[in-house]
Each structure stands twice: as C-alpha cells, then as structure tokens.
1. Considering every residue within region 29-46, establish whether at least one is touching a Leu at 6+ places or on another chain (Cβ under 7 Å), at pLDDT 90 or above and surrounded by 11 or more Cβ atoms within 10 Å (Cβ to Cβ).
2. Can you tell me which condition L51 does not meet? The list is (1) among the aliphatic types (A, V, I, L, M); (2) without any contact (Cβ under 8 Å) to a residue 24 or more places away in the chain; (3) surrounded by 10 or more Cβ atoms within 10 Å (Cβ to Cβ), and all the others hold.
Amino acid sequence: MKKELGKWLMDIAKYITTAVILSSVFGGTADKWIIYIGGSFAVILTLLVGLWLIKDNKKGE
C-alpha cells in the first residue's frame with residue numbers, strides 16, 4: 001500500500017512539473033516567480049515523500 005501511494009505521489013510531482021512549465025509558456029502572468037517557487041516546493045515535497053514511501057527498508061541484505 002505504501003509503495004502504491006509513493007508511486008502516486010511521484011506521478012503527482014510529474015504532473016505539477018508539467019503544469020508549471022505549461023503555465024509559464026502559455027500564461028500571461030507578471031509574477032512568474034511565484035509560480036516557479038510554489039511549483040518547485042510542491043514538486044520537491046511530493047517527490048521526497050513519494051521516494052520515502054517506496055524505499056525498501058530491508059536491512060541486513
């Protein structure tokens with residue numbers, strides 16, 4: 001169950017990255033740095049939590 005949630009969170013990180021890139025290309029907002037900082041924070045957070053959930057905790061191998 002944890003691995004599936006981790007994979008899902010990693011997919012969410014990819015979708016956020018795509019959304020940030022597309023919004024910067026097609027968007028006409030003046031404050032693009034807010035989008036970049038918020039998107040980067042969301043991607044890093046979801047990616048790290050996803051990787052933490054899918055890591056294998058087997059010790060001694």
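1. Among the residues of region 29-46, at least one is touching a Leu at 6+ places or on another chain (Cβ under 7 Å), at pLDDT 90 or above and surrounded by 11 or more Cβ atoms within 10 Å (Cβ to Cβ), which makes the answer yes.
2. (2)
The values are calculated or read from the model by the stated rules, or taken from the named source; none is laboratory data. All figures in this text were calculated on a predicted structure; none of them were measured in a lab. Backbone-built Cβ (ideal geometry, glycine too); neighbour counts: all protein chains shown.
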